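All remarks here apply to the structure that follows.
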Amino acid sequence: NAGVMQNPRHLVRRRGQEARLRCSPMKGHSHVYWYRQLPEEGLKFMVYLQKENIIDESGMPKERFSAEFPKEGPSILRIQQVVRGDSAAYFCASSKLVAGLVDQPQHFGDGTRLSIL
Amino acid sequence: ELKVEQNPLFLSMQEGKNYTIYCNYSTTSDRLYWYRQDPGKSLESLFVLLSNGAVKQEGRLMASLDTKARLSTLHITAAVHDLSATYFCAVDYGGATNKLIFGTGTLLAVQP
């Protein structure tokens with residue numbers, strides 16, 4: 001009965017490197033959301049994906065950030081050429097959106113704490 | 001643009017006391033959620049509120065929703081130290097996306 005699994009829990013990168021964050025949704029969930037939490041702030045929506053489709057990426061920075069949710073395997077949030085301002089906690093959430101089941105909350109993973117040196 | 005505001009941002013209270021956290025949002029929404037976050041941890045779902053007048057209770061916490069006033073409250077009764085955490089309300093943006101717009105969070109510190 002595993003929940004949302006994210007890895008790694010902590011990731012350290014130097015400026016200019018690439019960061020890859022992984023998220024496996026809860027069993028039976030086909031909708032994945034990525035949020036970013038800066039220190040002392042609330043979570044900010046980044047992107048919403050279904051299998052092989054990006055549904056809403058209105059919260060993604062225009063450059064360096066990309067996300068995918070392939071048919072097989074976890075969802076990946078990729079940050080290229082990282083900068084100090086990318087340091088944050090990145091949370092993945094999943095849900096099971098079925099017509100009529102509107103009372104299902106999004107379930108969150110433990111997050112990946114990204115630190116940029 | 002949907003905006004969600006919580007107050008207070010920080011709340012220090014003594015064990016045994018009652019208090020209320022407020023969550024205001026700027027446009028209509030069908031669903032509102034309350035989450036709890038412990039330091040360095042993930043978010044734990046507390047309540048899902050779906051309709052005007054909805055009230056849900058779990059232990060010492062009770063949440064309510066007034067969609068006409070665009071206001072939700074999280075009431076704490078007879079606080080205990082274990083309730084110390086950051087509490088977030090989140091409003092469903094609706095439409096095809098179902099993304100959540102989070103409030104700023106309320107850091108609750110319950111003193112023994």
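The values are calculated or read from the model by the stated rules, or taken from the named source; none is laboratory data. These figures come from a predicted structure and were not determined experimentally. Glycine gets a Cβ as well: all are built from the backbone with ideal geometry, and neighbour counts include every protein chain shown.
Residues in the range B:62-95 that are without any contact (Cβ under 8 Å) to a residue 24 or more places away in the chain and assigned to a strand (DSSP E or B): B:Met62, B:Ser64, B:Asp66. In this structure, is B:Ile21 at pLDDT below 95 and in a strand (DSSP E or B)? Against the criterion (at pLDDT below 95 and in a strand (DSSP E or B)), B:Ile21 does not qualify.
Just one residue in the set B:Ile101, B:Ile21 is closer than 24 Å to A:Gln104 by Cα and more than 11 Å from chain A (Cβ to nearest Cβ); that residue is B:Ile21. Which one is surrounded by the most Cβ atoms within 10 Å (Cβ to Cβ), of the residues in the range B:24-47 that are part of a strand (DSSP E or B) and of a type in the set (Ser, Thr, Tyr)? So the residue we want is B:Tyr35. The C-beta contact set for the range A:42-70 (first residue in a loop (DSSP other than H, G, I, E, B), second residue at pLDDT 95 or above and hydroxyl-bearing (Ser, Thr, Tyr), distance under 6 angstrom, 6+ apart or interchain) comprises A:Phe69/A:Ser75. Selection within the range A:20-51: residues that are over 28 Å from B:Val4 (Cα atoms) and within 12 Å of the chain's Cα centre (by Cα). The member of this set that is farthest from the other protein chains (Cβ to nearest Cβ) is A:Arg20.
Considering the range A:54-106, and only residues there that are at pLDDT below 95 and on the phi > 0 side of the Ramachandran plot, the residue that is farthest from the other protein chains (Cβ to nearest Cβ) turns out to be A:Gly73.
Within the range A:107-117, if we keep just the residues that are modelled with pLDDT under 95 and in a strand (DSSP E or B), the residue that is farthest from B:Ser42 (Cα to Cα) turns out to be A:His107.
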